[in-house]
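Take a look at the structure set out below.
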Amino acid sequence: TYARPGEATQTVYVWGAVGTPGIWEIETGTNLVELFSVVRPTGYGEQAPGTKTRVLLRIHRTTHGKTRVAHEMQLSELLEMPPPERPSLQSQDVIEVRNVQTRTFSLQTVSTVLGTLSSVTLLVIRIFEF
């Protein structure tokens, strides 16, 4: 539960890469930044050598018996949005949070590949010299 006593609440479901997933009773009008401050998305700002991590979120909403993705964005985009433009939460929303890692090329990666290629080339030259 994330609400002050006596305030109206709504139920939302938080799934995926967060510290505390589950069914949340939140105060009506709670915005995503507030909610994420409580559920703590994992992986945001973490960088491993050669990889980049993005935290993606989707809000799934059911209207007239049909579920669709109402909003989809990166967490960094949400944080950069002015508060009035941030998506509002509705009762029964499902918030999906995913970490997406992509490999990046760095100078270290390039130098490792070049070093390996030159070692293999020298080995081949030495084998053929005998």
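The values are calculated or read from the model by the stated rules, or taken from the named source; none is laboratory data. None of the values given here were measured: they were computed from a predicted structure. A quick note on method: Cβ atoms are made from the backbone with ideal geometry, for glycine too, and the neighbour counts reach across all protein chains shown. Note: areas computed on protein heavy atoms with side chains; ligands, DNA, RNA excluded. Shrake-Rupley method; radii C 1.70, N 1.55, O 1.52, S 1.80 Å.
Net charge of the neighbourhood of residue 7, taken over other residues with C-beta under 11 Å away and scored Lys/Arg +1, Asp/Glu -1, is -1.
Below 8 Å, C-alpha to C-alpha, sequence gap of six or more: please give me the relative contact order for region 4-79 in percent.
Values: 91 pairs, mean separation 15.4, N = 76.
Here the relative contact order equals 20 percent.
The 1.4 Å probe gives accessible areas that order 64, 71, largest first, as 64, 71.
Only Lys, Arg, Asp and Glu carry charge here, each on its Cβ (+1 for the first two, -1 for the last two); on that basis region 25-130 has a dipole of about 400 debye about its Cα centre.
Extension gain for the segment residue 126 to residue 72, taken as residue separation times 0.36 nm less the Cα-Cα distance, is 13.9 nm to one decimal. With contacts taken as Cα pairs under 8 Å and at least 6 residues apart, the chain reaches a relative contact order of 28 percent. Here Kirkwood radius over Cα pairs in Å was calculated from the structure, and among (1) 15.2; (2) 15.9; (3) 17.8 it sits at label (3).
Taken along the Cα-to-beta-carbon direction at a fixed 7 Å, the label points for residue 11 and residue 47 span 4.2 nm.
Assuming R0 = 35 Å, can you tell me the calculated FRET efficiency for the pair residue 112 and residue 31, based on Cβ-Cβ distance, to the nearest 0.05?
Efficiency, from the Cβ-Cβ distance: 0.20.
Entry note, the chain: the mean residue ellipticity at 222 nm calculated from DSSP H runs of n ≥ 4, each adding -39500 (n - 2.57), is -9000 deg cm²/dmol after division by the residues and rounding to the nearest 500.
Neighbours of residue 38 by Cβ distance under 12 Å: Lys/Arg scored +1, Asp/Glu scored -1, total -2.
Report the local net charge at residue 101: Lys and Arg +1, Asp and Glu -1, summed over other residues whose C-beta lies under 9 Å from its C-beta. Show your work: numbers first, answer last.
Working: positive: 52, 54, 103; negative: none.
Neighbourhood net charge equals +3.
Counting only C-alpha contacts under 8 Å and six or more residues apart, can you give the relative contact order of region 56-130 as a whole percent? Present the calculation step by step, with values, prior to reporting the outcome.
On the way: 53 pairs, mean separation 23.2, N = 75.
Relative contact order comes out at 31 percent.
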